[in-house]
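Notes follow once the structure below has been shown.
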Amino acid sequence: MSGTSILTVNGAYNGQTGLLSVPSALPQSVNTLLQGYLDGLAGSIGGGEASYVNYNAATGMSVNGASVLSSSNFIEQITNVDSVGGTTSGSVSGVVSVASGVTDLFVQYPGNITVAGVSTTDFVLLGSSSDVAYSVSGGAGSIFAAGGADSISVAGSDANYAVASSGNDTVVFNGTDGNDSVNAEGSATTRVFVGGSDAATVTASDSAQASVVFLSKAGGNLDFINNSSQAQTIYSGSYTTSGGEAIYAVNAVTAFGGTGGGFYVGGRGGFNYLDGGTGNSTLVGGGASDTLVAGGSNNMLFTGVGAETLIGGGVNNSYFVGLEDVGIGTVSAVGDLVSAGGSGQQSFVLGNLTAVTLTGSTVTGASNIYDVLGTYTTTGGQAETLGGSSFTITDFGSSDTILLTNGDYKFGSGAATVETVTSALGGAGSQILLSDGTVITLKGVSTSHVNAQVGGHTITYQ
């Protein structure tokens, strides 16, 4: 049956069928899978291999749908349907608790309903006409949110759930030592919150949009795959207590932006790998030793706390090195490697740097601009004075310019100036000392090719 999947329980309600349906908005592959599953359940109930009960949430009464012949396969359906297939009006107050031992759960109640699950349930289907707040602690299985606006919360130790989201859903993983996953499908808009120490895998498919936020002190890692045409979002967990203490989510993120790109922030645990894909992306490092790769156009890459590797392909990349991290504040770049391999303008905005290596793009038509900031103001309004940095440009050439500016990218107040230009030790290039103590090394460039005036703000190749 195309378009709609029907759970048919022969004789359950005096021949009434169609009590539970899966909307055609689901991807065809999922629709086909569920149809086969539901057909199998109908056969099991009809053959006496499974117990079945309908819970009429509007009246608070259970109605047996088939003879109770098996306790190992216990199927419960939560509806507003009575024993003869008629609907009961009214709203549900409080929490509907799933019966002990239920293995397969179906919810098709019109409107809002809160359901407390049990760990024995390994298959859950939330119907498209229901807005379900479903919670479960422990256990493992599959949860299909078939439409509407569902809220799914998983807690407890070693919980392992795979959630398929096709509506406007919220999913919270807040357990310990679990491995959970979410696949946002169709045109879903899915919000995922990761807490505890659960490891999570989140995938966006079709034209769905998924956002991931880490809860305070979350310790589980994240794998994110964007197979959607839309941009996606990952926020690191950074919180401030009432006493001013900073609390972070200590974890690592692996993200692939695909064709949709997106905004991706790494975890404070470091060793993040953020690949923006071929779409436009903003990539932000978290802890140390992150790798950030961009391949779209108009990308922005921000270093984390140190030993970062930033690689820009595509077109028009901006690299923000040793400045500010999301939720963390001002950071220092120590031992970072930044390499531009894209076309168009490559813009390097430089703050607090120590032993950082920069490589500009040599693609035909590309230009590299290095903005060395003397001062700048954070997004929180805090004025920062920079200086005393050290960095090396490996391939400074005729398409490159170094600008000594303030936080407004202007010369004058707050901007450093050129103090001296000398040969580097061993004659391997030139060193430029700025008025704020910053040392710039131009590898392989002799002083005769450095165009810089003492007291000036511009350095070019001549």
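The values are calculated or read from the model by the stated rules, or taken from the named source; none is laboratory data. Keep in mind that this is a model prediction, so the values were computed, not measured. Cβ: placed from backbone, ideal geometry, glycine included. Neighbour counts: every protein chain shown. Note: accessible area is taken over every heavy atom of the protein model, side chains too, but ligands, DNA and RNA are not part of it. Shrake-Rupley method; radii C 1.70, N 1.55, O 1.52, S 1.80 Å.
Wholly within the range 397-462, which strands (runs of 3 or more DSSP E) include no fewer than the required count, namely at least 2 residues that are open to solvent by 60 Å² or more (accessible area, probe 1.4 Å)?
418-423
Among GLY276, GLY285, which is the only one that is buried (at least 24 other Cβ atoms within 10 Å of the Cβ), under 24 Å from GLY344 (Cα atoms) and modelled with pLDDT of 95 or more?
GLY276
Within the range 96-122, count every residue that is part of a strand (DSSP E or B) and touching a residue at least 60 places away in the same chain (Cβ under 8 Å).
Selection size over the range 96-122: 2.
When the residues of the range 76-95 are narrowed to those that are among the hydrophobic types (A, V, I, L, M, F, W, C) and buried (at least 17 other Cβ atoms within 10 Å of the Cβ), which ends up modelled with the highest pLDDT?
The qualifying residue modelled with the highest pLDDT is ILE78.
Any idea which of PHE256, PHE263, PHE193 is open to solvent by 50 Å² or more (accessible area, probe 1.4 Å) and closer than 19 Å to PHE144 by Cα?
Within the list PHE256, PHE263, PHE193, the selection yields PHE193.
Name the residues in the range 205-243 that are assigned to a loop (DSSP other than H, G, I, E, B), open to solvent by less than 50 Å² (accessible area, probe 1.4 Å) and over 21 Å from SER166 (Cα atoms), would you?
If the condition is that a residue be assigned to a loop (DSSP other than H, G, I, E, B), open to solvent by less than 50 Å² (accessible area, probe 1.4 Å) and over 21 Å from SER166 (Cα atoms), then LEU215, ALA218, GLY219, GLY220, SER236, GLY237, THR241 are the ones that fit.
When both residues are 6+ apart or on different chains and their Cβ atoms are under 8 Å apart, which pairs have a first residue that lies in the range 296-308 and is touching a residue at least 40 places away in the same chain (Cβ under 8 Å) and among the hydroxyl-bearing types (Ser, Thr, Tyr), and a second that is in a loop (DSSP other than H, G, I, E, B) and surrounded by 20 or more Cβ atoms within 10 Å (Cβ to Cβ)?
Going by the 8 Å Cβ cut-off, the qualifying pairs are SER297/ASN280; SER297/GLY314.
Looking only at the range 321-333, filter to residues that are open to solvent by 40 Å² or more (accessible area, probe 1.4 Å) and within 21 Å of the chain's Cα centre (by Cα); which one of those is farthest from ARG268 (Cα to Cα)?
GLU324
Which one of these does ALA340 not meet: (1) open to solvent by 10 Å² or more (accessible area, probe 1.4 Å); (2) at pLDDT 95 or above; (3) touching a strand residue (DSSP E or B) at 6+ places or on another chain (Cβ under 7 Å)?
Just one mismatch for ALA340, condition (1).
Name, by its number, the condition in (1) open to solvent by 40 Å² or more (accessible area, probe 1.4 Å); (2) touching a residue at least 40 places away in the same chain (Cβ under 8 Å); (3) not in a loop (DSSP other than H, G, I, E, B) that does not hold for ILE311.
ILE311 satisfies every listed condition except (2).
From the list SER289, SER242, exactly one residue is more than 11 Å from the chain's Cα centre (by Cα), without any contact (Cβ under 8 Å) to a residue 40 or more places away in the chain and over 24 Å from GLY342 (Cβ atoms). Which is it?
On inspection, the qualifying residue turns out to be SER242.
Could you list, in sequence order, the residues of the range 173-193 that are in contact (Cβ under 8 Å) with a residue 40 or more places away in the chain and part of a strand (DSSP E or B)?
The answer is PHE173, ALA184.
Looking at the range 343-376 only, could you name the residues that are open to solvent by less than 10 Å² (accessible area, probe 1.4 Å), among the polar types (S, T, N, Q) and closer than 17 Å to GLU308 by Cβ?
GLN346
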